[in-house]
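As structure tokens, the structure follows; a few thoughts come after it.
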Amino acid sequence: MSDIQTSTVSDEGFESTSNAGEFELTIDATGEAGPDPNTVLVADYAACFLPAFRVGGQQRGHDNLGKVQIDADADLDGDDDLEAIRFDVHVESDLDDETLGEIVDRAEGICHVHSALREELRADVTAHADAF
């Protein structure tokens, strides 16, 4: 038996509904009825990276980072394939650049989506402390 099972159905057109456990997500290649697949991937990547960033902080002795926000940007090539992803990570806690870099490095090692992406598509991460 597999570890993850999903089901995706499209009755017509380019809109589909994916079920993952008890959760349902509408994805639309046209971006009309829901986010398009590239947008979902970028959001999923950020949603995985953020808790990995928190764990990285805990592992570096920073148990309370406060509010953390990731603003993600992505570029598409001429075929609408993802070409580049960038994260601006904003952290409420006042940390120096060296500590932020250590936490980013650790988060990259923890985030499962980061590990699953080909190396040239992994996010270019910039972290900002004392952001809120």
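Tallying residues that are of a type outside the set (S, T, N, Q) and more than 14 Å from the chain's Cα centre (by Cα) within segment 91-126 yields 16. Pairing residues of segment 28-53 that are touching a residue at least 24 places away in the same chain (Cβ under 8 Å) and on the phi < 0 side of the Ramachandran plot with residues that are loosely packed, with under 15 Cβ neighbours inside 10 Å and not in a loop (DSSP other than H, G, I, E, B), at Cβ distances under 7 Å and at least 6 apart in sequence or on separate chains, gives ASN38/LEU76; CYS48/HIS112. Between GLY78, GLY61, the distinction of being assigned to a loop (DSSP other than H, G, I, E, B), at positive phi and not polar (S, T, N, Q) belongs to GLY61 only.
Taking residues in segment 114-132 that are at negative phi, and partners anywhere that are part of a loop (DSSP other than H, G, I, E, B) and surrounded by 16 or more Cβ atoms within 10 Å (Cβ to Cβ), the pairs with Cβ atoms closer than 6 Å and at least 6 places apart or on different chains are HIS114/ARG122; ALA129/LEU95. As a summary of the residue check, ILE27 satisfies the conditions (1) farther than 17 Å from ILE103 by Cβ; (2) in contact with a helix residue (DSSP H, G or I) (Cβ under 6 Å, 6 or more places away or on another chain); (3) not in a strand (DSSP E or B) except for the one numbered (3). For the residues LEU76, LEU50, LEU41, LEU117, the requirement of being outside the structural domain of GLU15 (by TED's automatic domain parsing), more than 25 Å from ASP3 (Cα to Cα) and of a type outside the set (Val, Ile, Thr) singles out LEU76.
The values are calculated or read from the model by the stated rules, or taken from the named source; none is laboratory data. Since the structure is predicted, the reported quantities are computational estimates derived from the model, not experimental observations. Virtual Cβ from ideal backbone geometry, glycine too; neighbours counted across all protein chains shown.
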